[in-house]
Amino acid sequence: MNVSGAALDVVKTATGWLATGVEAAAAIVIALAVLRALWGAGTLLLRPDGVSDNASEGVRLRLARWLAVALEFALAADILRTAVAPSWDEIGKLAAIAALRTLLNYFLQREIDSEARRDHGGSPPS
C-alpha cells in the first residue's frame, strides 16, 4: 500500500468514527428529549386542576423540535458514511434515507410552525 492509500484509509477510518459519534449525538438528543417530554407530561398529569390543551401541546411540540434536530444529526451521519466510499447502491440508499428524513422533518416543522402561528394569533413568530 502506498502513502496515498494509507492516507485514504486514515480518512475513511476517521470519517467512520465521526459518523458513529454523530449518530451517538442523535441518540443522546432523542433520549434527553424523551426524558424531558416524559417529565413534562408527568407533571401535567399530576396537576390537580387538569391539563390545558396548550400545556400538553407545548410538551409535544418541544419533543417534535428536538426530534427534528436528531433527524438532522442522523442524516449528517449517513452523509459522512456515504462520502468516503460511495457506490451506486450506497448513493441510492442515502437518497432514500435522505428523502424520508427530509419529509419527516418537513412535516414536523410544518406542524411546529402551524402551532406557533396559532399561539401568536395567526402571524408567524419572529
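We did not get these values from a lab; they are worked out from the coordinates using the rules stated. This structure is a prediction, so every number in the text was calculated from the model and none was measured. Note that each Cβ is placed from the backbone with ideal geometry, even for glycine, and that neighbours are counted across all protein chains shown.
Explain nothing, just the number: relative contact order of the chain, from Cα pairs under 8 Å at least 6 residues apart, as a whole percent.
Across the chain, relative contact order equals 30 percent.
Given the Cα-Cα distance of R65 and W39 and 0.36 nm per residue of separation, how much length would full extension add, in nm?
Separation in residues times 0.36 nm, less the Cα-Cα distance, equals 7.7 nm.
Suppose R0 equals 25 Å; then what is the FRET efficiency for L32 and V84 from their Cβ-Cβ distance, rounded to the nearest 0.05?
After rounding to 0.05, the efficiency reads 0.30.
Looking at the range 3-119, what % of the alpha carbon pairs are farther apart than 21 Å?
Details: 3605 of 6786 pairs.
Result for the distance tail: 53 percent.
Any idea how far apart S52 and R117 come out in nm if each label point goes 7 Å out from Cα toward Cβ?
2.2
If all Cα-Cα distances of the range 3-42 are sorted into 10 Å bins from 0 onward, what percent lands in each bin, rounded to whole numbers?
Answer for the range 3-42: a P(r) of 28, 27, 19, 15, 9, 3 percent.
Tell me, in nm to one decimal, what length is gained between A7 and L104 on full extension, where the rule is 0.36 nm per residue of separation less the Cα-Cα distance?
31.2 nm
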